Amino acid sequence: QVQLVESGGGLVQPGGSLRLSCAASRSISRTYSMGWYRQAPGKERELVAQSFSGGNTEYADSVKGRFTISGDNAKNTMYLQMNSLKPEDTATYYCKMGSFSGTYWGQGTQVNVAS
């Protein structure tokens, strides 16, 4: 069973930056997508950024130009670089990897943006 473990969350002031990491417990073969989602209290989980094996990448309109998704296959790790953070970015962030062997989710990491 593959486990995804997120890290890098925390408290940051508006305008600051954080980099979230999501490490897989082992290599996941035939991965076709990786993504980051977030869920704020009282709201539904929403897509933040997603990258596909063919090279396409998509971002939520609210984070375009501020967030960047990337991955390091050698380390079985994906990242979300978050810049110019806003209070409305406060949420629990989850990573997700999709492969032909299954879809895997991390347990979530909390990001709080406040003065």
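Going through segment 2-41 one residue at a time, which ones are at positive phi and over 11 Å from the mean Cα position of the chain (by Cα)?
Taking segment 2-41 and keeping what is at positive phi, we get 8, 10, 15, 30.
Those that are at positive phi and over 11 Å from the mean Cα position of the chain (by Cα): Gly10, Gly15, Arg30.
Take Thr57 and tell me if it is out of contact with any Cys (no Cβ under 9 Å at 6 or more places or on another chain), hydroxyl-bearing (Ser, Thr, Tyr) and within 23 Å of Gln1 (Cβ to Cβ). So Thr57 fails the test. Could you tell me whether Ala91 is in contact with a Lys or Arg (Cβ under 9 Å, 6 or more places away or on another chain) and surrounded by 13 or more Cβ atoms within 10 Å (Cβ to Cβ)? Answer is yes for this residue.
In summary, Val111 fulfils each of the numbered conditions (1) part of a strand (DSSP E or B); (2) more than 20 Å from Val5 (Cβ to Cβ) with the single exception of condition (2).
Whenever a residue of segment 58-69 is over 8 Å from Gln81 (Cα atoms), its partners that are surrounded by 15 or more Cβ atoms within 10 Å (Cβ to Cβ) and not aliphatic (A, V, I, L, M), lying with C-beta atoms within less than 6 angstrom and at least six residues away or across chains, give the pairs Glu58/Gln50.
Each row is one residue, and each column tells you yes or no for (1) out of contact with any Gly (no Cβ under 6 Å at 6 or more places or on another chain); (2) among the aromatic types (Phe, Trp, Tyr); (3) within 20 Å of Gln3 (Cα to Cα).
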position	(1), (2), (3)
Gly16	yes, no, no
Arg30	yes, no, yes
Ser33	no, no, yes
Ser51	yes, no, yes
Asp72	yes, no, yes
Cys95	no, no, yes
Gln107	yes, no, yes
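Since every read-out is calculated from the coordinates, none of them should be taken as a lab result. Just so it is clear, the structure is predicted and the values come from calculations on it, not from any experiment. Cβ atoms come from the backbone with ideal geometry, glycine included; neighbour counts cover every protein chain shown.
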